[in-house]
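S.K.: Just passing along the structure, written as structure tokens.
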Amino acid sequence: MTDKLIIEGHEFNSRFILGSGKFSLELVKAVIEQGEAEMVTLALRRANVGGEENILDYIPEGITLLPNTSGARNAEEAVRIARLAREVGCGSFVKVEVIRDTRYLLPDNHETVRATEMLAKEGFIVMPYMYPDLNTARDLANAGAAAVMPLASPIGSNKGLSTRDFIKILIDEIDLPVIVDAGIGRPSQACEAMEMGAAAVMCNTAVATSSDVALMARAFKLAIQAGRDAYLAGPGRVLEYSAEASSPLTGFLED
Amino acid sequence: MADIEYMKYMEHMNYLDGMEAVSPDIMNRVLSLAGSYDYGKYAGKDVERALGKELLTPDDYGAVLSPAAMPYLEEMARKALLETRKHFGNSVCLFTPLYISNYCENECVYCGFNCRNKIQRGRLSMEEMEEELQAIAATGLREILILTGEARNASGVEYIGEAVKRAARRFSTVGIEIYPLNSEEYVYLNKCGADFVSVYQETYNIDKYGQVHLRGPKRIFPYRFNAQERALLGGMRGVGIGALLGLDDFRKDAFAAGMHAYFLQQKYPHAEISFSVPRLRPYINNSGNNPAEVHERQLLQVMLAYRLLMPFAGITISTREKPNFRDHIIGLAATKISAGVSVGVGGHKNREKGDEQFEISDSRGVGEIHEMIAGRGLQPVYTDYVRV
């Protein structure tokens, strides 16, 4: 199997990116193992370096860390948080999150583009969390993003692909991995995103709030694999328009 | 003190000289809605309608706070649990308060720090402050809340600023629960390292407010009401809101506090809003029939209603409550819990220099609270903030 997720030259076998912010930390390892995740996001603000319950202590070796800039309200704050993450040993990947709305936690696309540009120039591998807007996605690509991470629905909502049609546009038009992030509540929704051609799926709440987190992680892994296989296989013909005229519409042609 | 003596007879709805006035729009809306809040008008079907919604309107919030919602506490709890888990996952944050001074020039009839009370007053020297902060940091905590009484001569803004600077060196999150300030003073304390400000209105009933805040700057209702807004204008990251439940009609006060938070978040969408739920316990041997009394059931109703109105807001549970209540409310509605608490001045390293503001009901240390949280399948969180 040579189908790998490639983000700026880094190869991953798994297309399941795990969020860690809502877990009991002692469960993170089991979830990573059962889900076979190779990339795990973490909020730098939770990194209690040298102290109690430091999330960095719970992530197994060999996993690629994807620190996020949670807490940033503008591009400058995101840049500062990303730098701090790199300083404490989180590597060069960064998931840009710029949010200035505490009610819905929707990303600020404009500031996200600015942060992406600044961080890409500093050599980060930038994966911006975004509201799925084609113009913004193009701007992010031009700004040096390594992937784009459009939201499926509001964070934590478990509502699935509310933005399905707009994510599909990004998949069709943007020449970067499109990683569906936020709002995926069920393995079936993750499967659907992958079937559509998403490069990977990120989820957190859906696993963390399950009563058996390790089993749910495995379910997501399998769903993501199934969706990926279906995408690669190419789905059979599904008629999108049901009307089939009883007499031919082109029968009037005379030669 | 002469002018403070005079204040007893003073109009409490007007600002004093030197008090910064901000737009009264939020206060007017809150007082207007709270004034017309008639919780007796709601029936079970109104509560059911509210519980069927994803987001509550102010009227829905009125329903879930009403007596008609009492038979629905279990359903409210189930919905609240889902919301809390959705927004906070398994996380429960830990912190502790540090009282640095209990001098106070306010005469608030319900408060242990009342300037008329003959209690031992004290304030920490900078050396003592360091010792206290060091002792607290050694417990593993990374979040601290600095508290004072209101006395600009004994615990002025610069004194508090020095405490904040010292705290910020050892803690990732520094909050302040001090007297209301002007926005440029909040700018100063923000620069010193404080990012979160809690100010509790106690009661939103302006008549009652005047009756229980007899003198001192706290008597001025609008200056206190608008403190959160000035704090946000001063660059603070988050603000805490609360009513002292049981001081007046708790349903009306909780309704007003919820609306206060609601409109504040609407006007400042980036602000991190949190609630505290201090209550005056019903007197022992009181019959318990008074509908205004706040027993644990009523306290739970308020906390659940806050959660349903503002699913993303932090809710702090204090050591005023018993261990059993605290243990069960975390993860359900509360997202933050204090541990290793002393409510006298100092008391973490050295003997308390001043008397307590109130009695606590949960004296467990950080390790015990940590174990309790983990034992409930939740995640103790020591730091959830990075200062940038």
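A short reminder: the numbers here are calculations on the coordinates, not readings from a lab. Predicted model, so just to flag it, every value in this text is computed and none were measured. Cβ atoms come from the backbone with ideal geometry, glycine included; neighbour counts cover every protein chain shown.
S.K.: Work out from phi, with θ = phi - 60° and the Karplus expression 6.51 cos²θ - 1.76 cosθ + 1.60, the ³J(HN,Hα) of each residue of region B:365-380, listed in order in whole Hz, and give x for Gly and Pro.
M.R.: Listing the rounded values in order: x, 4, x, 5, 5, 4, 4, 4, 4, 4, x, 8, x, 10, 10, x Hz.
S.K.: If I model a spin label as a point 7 Å beyond the Cα along the Cα-Cβ vector, how far apart are those points for B:Glu48 and B:Asn28 in nm?
M.R.: 4.0 nm
S.K.: Still on this model: For A:52-58, what's the mean count of beta carbons from other chains sitting within 10 Å of each residue's beta carbon?
M.R.: Mean partner shielding for this stretch: 4.
S.K.: How much net charge surrounds B:Val386 when only other residues with a Cβ under 14 Å from its Cβ are counted (Lys, Arg +1; Asp, Glu -1)? Present the calculation step by step, with values, prior to reporting the outcome.
M.R.: Values: positive: A:Arg45, A:Arg46, A:Arg73, A:Arg80, A:Arg83, A:Arg86, B:Arg142, B:Arg237, B:Arg387; negative: A:Glu76, A:Glu77, A:Glu87, A:Glu97, B:Glu143, B:Asp195, B:Glu272, B:Asp384.
Taking every Cβ under 14 Å from that of B:Val386, the sum is +1.
S.K.: A follow-up question, please. DSSP beta bridges in chain B, what fraction antiparallel, as a percent rounded to 5?
M.R.: 10 percent
S.K.: Report, as an integer, the average count of C-beta atoms from other chains found within 10 Å of each Cβ along A:145-156.
M.R.: The shielding value for this peptide is 1.
S.K.: What is the projected area of the convex hull of the Cα atoms of region A:131-185, averaged over all directions, in nm²? The partial results should precede the final answer.
M.R.: Details: hull surface 13.0 nm².
Its Cα hull, projected and averaged over all orientations, spans 3.2 nm².
S.K.: Could you list A:Met196, B:Met259, A:Met127, B:Met126 so that the one with the fewest beta carbons within 10 Å of its beta carbon is first and the one with the most is last?
M.R.: In order of increasing Cβ crowding within 10 Å: B:Met126, A:Met196, B:Met259, A:Met127.
S.K.: In chain B, what cysteines have no partner Cβ closer than 4.7 Å?
M.R.: B:Cys93, B:Cys104, B:Cys115, B:Cys192 - these cysteines have no disulfide-compatible partner (Cβ-Cβ under 4.7 Å) in chain B.
S.K.: Once the piece of chain linking A:Ala230 and A:Leu249 is laid out straight, how much longer is it, given 0.36 nm per residue of separation minus the C-alpha distance between them?
M.R.: 3.5 nm
S.K.: Can you give me the relative contact order of region B:213-280 as a percent, contacts being Cα pairs under 8 Å and 6 or more apart? Don't skip to the answer; put the middle values down first.
M.R.: Working: 62 pairs, mean separation 25.9, N = 68.
Relative contact order for region B:213-280 comes out at 38 percent.
S.K.: Gap in Å between the Cα centre of region A:164-201 and the Cα centre of region B:61-83?
M.R.: A separation of 36 Å, based on Cα centres.
S.K.: May I pose another question? Longer than 20 Å from Cα to Cα, which of B:Lys118/B:Lys349; A:Lys22/A:Lys221; A:Lys22/B:Lys53; A:Lys22/B:Lys165; A:Lys221/B:Lys79; A:Lys22/A:Lys95 are they? Say none if no pair is.
M.R.: Those over the limit are B:Lys118/B:Lys349; A:Lys22/B:Lys53; A:Lys22/B:Lys165; A:Lys221/B:Lys79.
S.K.: Any chance you could list the semi-axes, whole Å, largest first, of the equivalent ellipsoid that the Cα gyration tensor gives for region A:32-157, using √(5λ)?
M.R.: Details: eigenvalues 107, 51, 44 Å².
Those come to 23, 16, 15 Å.
S.K.: Under the 0.36 nm per residue contour assumption, what length would be gained going from the current alpha-carbon distance of B:Arg297 and B:Glu158 to full extension?
M.R.: Taking 0.36 nm per residue and subtracting the Cα distance, the gain is 45.8 nm.
S.K.: Find how many whole Å separate the alpha carbon centroid of region B:40-57 from the alpha carbon centroid of region A:38-104.
M.R.: With region A:38-104 and region B:40-57 each reduced to a Cα centre, they are spaced 39 Å.
S.K.: Between B:Gln265, A:Ala199, B:Leu378, whose Cα lies farthest towards the positive end of the dipole of the protein assembly as shown when Lys and Arg beta carbons carry +1 and Asp and Glu beta carbons carry -1, centred on the Cα centre?
M.R.: B:Leu378
S.K.: Regarding the protein assembly as shown, what are the three Cα extents along the principal axes, ordered largest first, in Å?
M.R.: 105, 56, 45
S.K.: If you don't mind, another one. Report, for region A:5-233, the % of DSSP beta bridges that are antiparallel, rounded to 5.
M.R.: The antiparallel fraction comes to roughly 15 percent.
S.K.: Taking just the alpha carbons, could you work out the radius of gyration and Dmax for chain B, both in angstroms?
M.R.: 19.8, 60
S.K.: Now for a different question. Taking the simple approach of a point 7 Å from Cα along Cα-to-Cβ for both B:Lys267 and B:Asp207, what is their distance in nm?
M.R.: Rounded to a tenth, the inter-label distance reads 2.6 nm.
S.K.: Taking the dipole about the Cα centre of the protein assembly as shown, with the C-beta of Lys and Arg at +1 and of Asp and Glu at -1, give me whichever of B:Leu94, A:Leu5, B:Gly210 is farthest to the positive side.
M.R.: My answer, from the dipole projection, is B:Gly210.
S.K.: Still on this structure, I have one more. Provide the net charge surrounding A:Ala198, with neighbours chosen by a C-beta distance below 12 Å and charges set as Lys +1, Arg +1, Asp -1, Glu -1.
M.R.: Numbers: positive: A:Arg15, A:Arg164, A:Lys168, A:Arg228; negative: A:Asp172, A:Asp181, A:Glu192, A:Glu195.
In short, 0.
S.K.: At what distance in angstrom do the alpha carbon centres of region B:115-143 and region B:203-273 lie from each other?
M.R.: Computed from Cα coordinates, the inter-centre distance equals 26 Å.
S.K.: Using Cβ contacts closer than 10 Å as the measure, can you line up B:His328, B:His12, B:His260 from fewest to most? Mind showing how you got there, number by number?
M.R.: Working: B:His328 16, B:His12 21, B:His260 28.
Neighbour counts put them in this order, fewest first: B:His328, B:His12, B:His260.
S.K.: Just grab the label-to-label distance for A:Asp101 and A:Asp165, each label 7 Å out from Cα along the Cβ direction, in nm (one decimal).
M.R.: 2.0 nm
S.K.: Based on the Cβ-Cβ distance of B:Lys349 and B:Glu371, what FRET efficiency does E = 1/(1 + (r/R0)^6) give at R0 = 22 Å, to the nearest 0.05?
M.R.: E(calc), rounded to 0.05, equals 0.40.
S.K.: May I ask you to order B:306-319, A:215-228 by the average number of other C-beta atoms within 10 Å around their residues, highest value first?
M.R.: B:306-319, A:215-228
S.K.: Kindly work out what percent of the DSSP beta bridges joining two residues of the protein assembly as shown are antiparallel, to the nearest 5.
M.R.: 10 percent
S.K.: What's the local net charge at B:Gly346, with K and R +1, D and E -1, over the other residues with C-beta under 12 Å away?
M.R.: -4
S.K.: Cα convex hull of region A:5-233: mean projected area in nm², to one decimal?
M.R.: 11.0 nm²
S.K.: Could you work out the relative contact order of chain B? I mean the mean sequence separation of Cα pairs under 8 Å and 6+ apart, divided by the number of residues, in percent. Please list the in-between numbers first.
M.R.: Numbers: 753 pairs, mean separation 93.4, N = 388.
Answer for chain B is 24 percent.
S.K.: I would also like to ask the following. Let me confirm one metric for peptide B:310-321, namely the mean number of other chain beta-carbon atoms within 10 Å of its residues' beta-carbons.
M.R.: 1
S.K.: Which length gain, in nm to one decimal place, applies between B:Asp17 and B:Glu127 when the Cα-Cα distance is subtracted from 0.36 nm times their residue separation?
M.R.: Roughly 36.1 nm would be gained on extension.
S.K.: For region B:263-388, what is the charge dipole size about the Cα centre, in debye to the nearest 20, if Lys and Arg each add +1 at the Cβ and Asp and Glu each add -1 at the Cβ?
M.R.: 200 debye
S.K.: Go ahead and estimate [θ] at 222 nm for chain B from helices alone: -39,500 (n - 2.57) per DSSP H run with n ≥ 4, summed, over the residue count, rounded to 500. Write down the numbers at each step before the final one.
M.R.: Numbers: 15 runs with 152 residues, N = 388.
Theoretical 222 nm ellipticity from helices: -11500 deg cm²/dmol.
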